[in-house]
Amino acid sequence: LADLQSVKNFANKFIKEVGELHMLLNNAGVMSSNQVIKTKDNLEIQFQVNHLAPFLLTSLLLDTIK
């Protein structure tokens, strides 16, 4: 989840190989202390892993769950 391209790759592979999704639970979290850690997408890691990546994954898989 700390690499948005990895999230996209997973979603594409899931759609091609499985194609149908019955339930999606987004349960991931990072808690960083006082230091700011950036991802390779140049975003703060806690924000990306806890919010952006699960939103992206859900958006990409939404058609498979409808």
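The values are calculated or read from the model by the stated rules, or taken from the named source; none is laboratory data. Everything numeric here is computed off the predicted structure, so don't read it as measured data. Backbone-built Cβ (ideal geometry, glycine too); neighbour counts: all protein chains shown. Quick note on the areas: whole protein, heavy atoms, side chains included, nothing else; ligands and nucleic acids left out. Shrake-Rupley method; radii C 1.70, N 1.55, O 1.52, S 1.80 Å.
Things worth noting here:
- Among all residues of the range 38-61, there is none that is assigned to a loop (DSSP other than H, G, I, E, B), aliphatic (A, V, I, L, M) and open to solvent by 70 Å² or more (accessible area, probe 1.4 Å).
- For the range 1-37, taking the residues that are over 18 Å from residue 63 (Cβ atoms) and either touching a Phe, Trp or Tyr at 6+ places or on another chain (Cβ under 6 Å) or small (Gly, Ala, Ser) (or both), the one that is least open to solvent (accessible area, probe 1.4 Å) is identified as 32.
- Residues in the range 11-37 that are farther than 19 Å from residue 66 by Cβ and either of a type in the set (A, V, I, L, M, F, W, C) or in a helix (DSSP H, G or I) (or both) were compared, and the one that is nearest to the chain's Cα centre (by Cα) is 28.
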